[in-house]
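Working notes, beginning with the structure itself.
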Amino acid sequence: MKVALPKFPATKTNLFRYRGDGRNVRMTEPPPATAPSPSAWSPFKIGVFRALWLATLASNIGTWMHDIGAGWLMTSLTPSPVMVALVQSATTLPIFLLALPAGALADIIDRRRQLIGVQLFLALVAALLSVVAIIDFVTPWLLLALTFCMGIGAALMMPAWAGIVPELVPREQLPAAIALNSMGINVARAIGPAIAGLIVAAAGTGAVFALNALSYSGVIFVLLRWQHQREHSQLPAERLFSAMRSGLRFVRHSPELQAAAMRGLGFFLFASASWALLPLIAKGLTDGGPQSFGVLVAAVGAGAVCGALLLPRLRHHLSRDALVACATLLYAACLAALARLDTLWQMVPIMALSGIAWITVLSSLQVAAQMALPNWVRSRGLAVFMSVFMGAMALGSLIWGKLAALHGIGAALDVATFGAVVAVLATRRWHISGADTLDFTPAMHWPCPPQSESLHHDRGPVLVTIEYDVKPDQVEHFLQHIAVLGKHRRQHGVFSWSVFEHTERPNQFIETFNDESWLAHLRQHERVPVAVHNIQQQIQSLLADGSQPRVTHYVAPEF
């Protein structure tokens, strides 16, 4: 089958939107973005963000209380460092395994409904763990199994949660919203563990798990009242496995997102040592106990809040890459100190410094990852980033737990210190400072390709060819621009891309690429960003006078 596509428009004012009836509707020029707000608190002016932030703060306090209770309960059930470290692995491993399917699901269905269902699931699991702890029926493996279920809920929640942030605030307030969310998590980290230490000492771990189950009710209430205005496409929803493939394809061809993931891997693999071994470190202090454990985790949260307040000032003096490197070295110094101190009053300031380093790295990487993703693949891309984050934490917890069992806690922390320093050097070529300049606003400048009435959406694969007649003195510039265009095409769904030169006419080139189906190609028309439009305009200026790109579509026949 062969159909012709109209010429590339020469100006940005030719914007079209595809309609399900096959027509293209002329759109107006998108309004210019407003200037960014100078206030870091400006997202709080939006009612739904403010209400959801407060409800999430209460829920996160319950989650940190739950984590403290689970970690301390395992130390009561078994003295094995491996089993204690497995609590951290059981929390993070499901996110590593399920984040991508959860992210694809969040990009396909209504994120609000998905979040409500997940919150109900987490409340039920926390309530069940509370019951078995109160009646003293819990065993180490049952605790791990229920913790793993909590991890499954977190895996389903995190990509959807990250994906709704741009729906709550304007783009210019997105960095401030991400920073406030990170601050909320660490405020909860400062409050929750301290409360948990008191409750565990007074009423046992079952009460902590029960309070965590109740903490989900506020988030559910706010989500139910949120009048969510979801963007609707005239095209059918993506299928799960196809959405996962397109998400991985985008990540594979997104150097900015890969840089954030690699820098995260270099940090979290070694930073996980303190989290995995902290219950044992607290228990081994001269004044150790559940209260000490809670105080140490609270110190991390308090330090992270201070770090979040310092970050805007630090960003004026250091690039995001330099911030991550310096914060990683600071965290390495904290790991070395933890291996050599044995009293609570010495450990508290060290844990506070580690909290500053933690929030600096996490916030910097999260902002870079968010900025590197368009809306249509946001949850999937963030899911891949989270998989690297949580996979490094889970793997690191196993490594440090086993190393501590064989050679002691101090030796494990020393190895993690050395690894964190080496990671700074090994990942320095991955730069995350350029993601802010990316613009994924849909240009909508491609009109819908004409098609025969018999062509249905599932037909594929699709082959698209575009012929170019290039000016003889502009061939080198053309090849540079067409390579950049190829990168964008791969990001937005094509699974194969090539460019060829005519053997008899040296200045004539043909670009080819393949989509999985006709529907996948139509989705490209909805997703193509302004950056592609600009590149195509530059390519147009390099073509021979009076020449236009000649576009042809083919689809595999049905035998």
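The values are calculated or read from the model by the stated rules, or taken from the named source; none is laboratory data. Since the model is a prediction, treat every value here as computed from it, not as a measurement. Note that we place each Cβ from the backbone using ideal geometry, even for glycine, and neighbour counts take in every protein chain shown. Only protein heavy atoms, including side chains, enter the accessible area calculation; ligands, DNA and RNA are left aside. Shrake-Rupley method; radii C 1.70, N 1.55, O 1.52, S 1.80 Å.
Overview of values
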{"item": "Interchain or long-range residues, amide H under 5 Å from S517's placed H", "result": "V462"}
{"item": "L463 paired with Q480, simple spin-label distance in nm, labels 7 Å along Cα-to-beta-carbon", "result": "3.2 nm"}
{"item": "5 angstrom amide H check on R428, placed H, neighbours 5+ away", "result": "none"}
{"item": "Inter-label distance, nm, simple model (7 Å from Cα along the C-beta direction), L77/R239", "result": "4.1 nm"}
{"item": "Summed residue charge, Cβ within 14 Å of T360's Cβ, Lys/Arg positive, Asp/Glu negative", "result": "+3"}
{"item": "Karplus-derived 3J(HN,Hα), 6.51/-1.76/1.60, for each residue of the range 55-61, Hz, glycine and proline x", "result": "5, 5, 4, 5, 5, 5, 4"}
{"item": "Relative compactness, the range 466-559, computed as alpha-carbon Rg over 2.2 N^0.38 Å", "result": "1.12"}
{"item": "Within the accessible area of the range 327-368 (1.4 Å probe), percent carbon and sulfur", "result": "73 percent"}
{"item": "Carbon plus sulfur fraction of accessible area for the range 126-202, probe 1.4 Å, in percent", "result": "77 percent"}
{"item": "Shape of the range 73-146, Cα gyration tensor, a/c cut at 1.5", "result": "oblate"}
{"item": "Chain lengthening between R340 and L455 when straightened (0.36 nm per residue, less Cα-Cα)", "result": "34.4 nm"}
{"item": "Karplus (6.51, -1.76, 1.60) ³J(HN,Hα), θ = phi - 60°, over the range 239-249, in Hz, Gly and Pro reported as x", "result": "8, 4, 5, 5, 5, 5, 5, 5, x, 5, 5"}
{"item": "Accessible surface, the range 469-539, averaged per residue in Å² (probe 1.4 Å)", "result": "41 Å²"}
{"item": "Taking the convex hull of Cα positions in the range 158-241, its mean projected area over all directions (nm²)", "result": "8.5 nm²"}
{"item": "Per-residue HN-Hα couplings for the range 418-427 [Karplus 6.51, -1.76, 1.60; θ = phi - 60°; Hz; x = Gly/Pro]", "result": "4, x, 5, 5, 5, 4, 4, 6, 6, 9"}
{"item": "Over the range 395-540: Rg over Rh, Cα atoms, Kirkwood Rh", "result": "1.22"}
{"item": "Dmax and Rg, reported as Rg then Dmax, of the chain (C-alpha, Å)", "result": "26.1, 86"}
{"item": "Convex hull of the range 273-318 built on C-alpha atoms - directionally averaged projected area, nm²", "result": "4.1 nm²"}
{"item": "Highest average packing first - 42-55, 75-88, Cβ atoms within 10 Å", "result": "75-88, 42-55"}
{"item": "The range 349-437, accessible area per residue, ligands and nucleic acids excluded (1.4 Å, Å²)", "result": "35 Å²"}
{"item": "Shape call, the range 506-549: gyration tensor on alpha carbons, a/c limit 1.5", "result": "oblate"}
{"item": "Potential lengthening between Y554 and R171 on full extension [0.36 nm per residue; Cα-Cα distance subtracted]", "result": "134.1 nm"}
{"item": "Highest average packing first - 515-521, 202-208, 264-270, 91-97, Cβ atoms within 10 Å", "result": "264-270, 91-97, 515-521, 202-208"}
{"item": "Accessible area of the range 435-559 belonging to carbon and sulfur atoms, whole % at 1.4 Å probe", "result": "53 percent"}
{"item": "The chain - mean residue ellipticity at 222 nm from DSSP helices (-39,500 (n - 2.57) per run, n ≥ 4, rounded to 500)", "result": "-23000 deg cm²/dmol"}
{"item": "Burial order of peptide ranges 170-181, 381-392, 465-476 (average beta-carbon count within 10 Å, highest first)", "result": "381-392, 170-181, 465-476"}
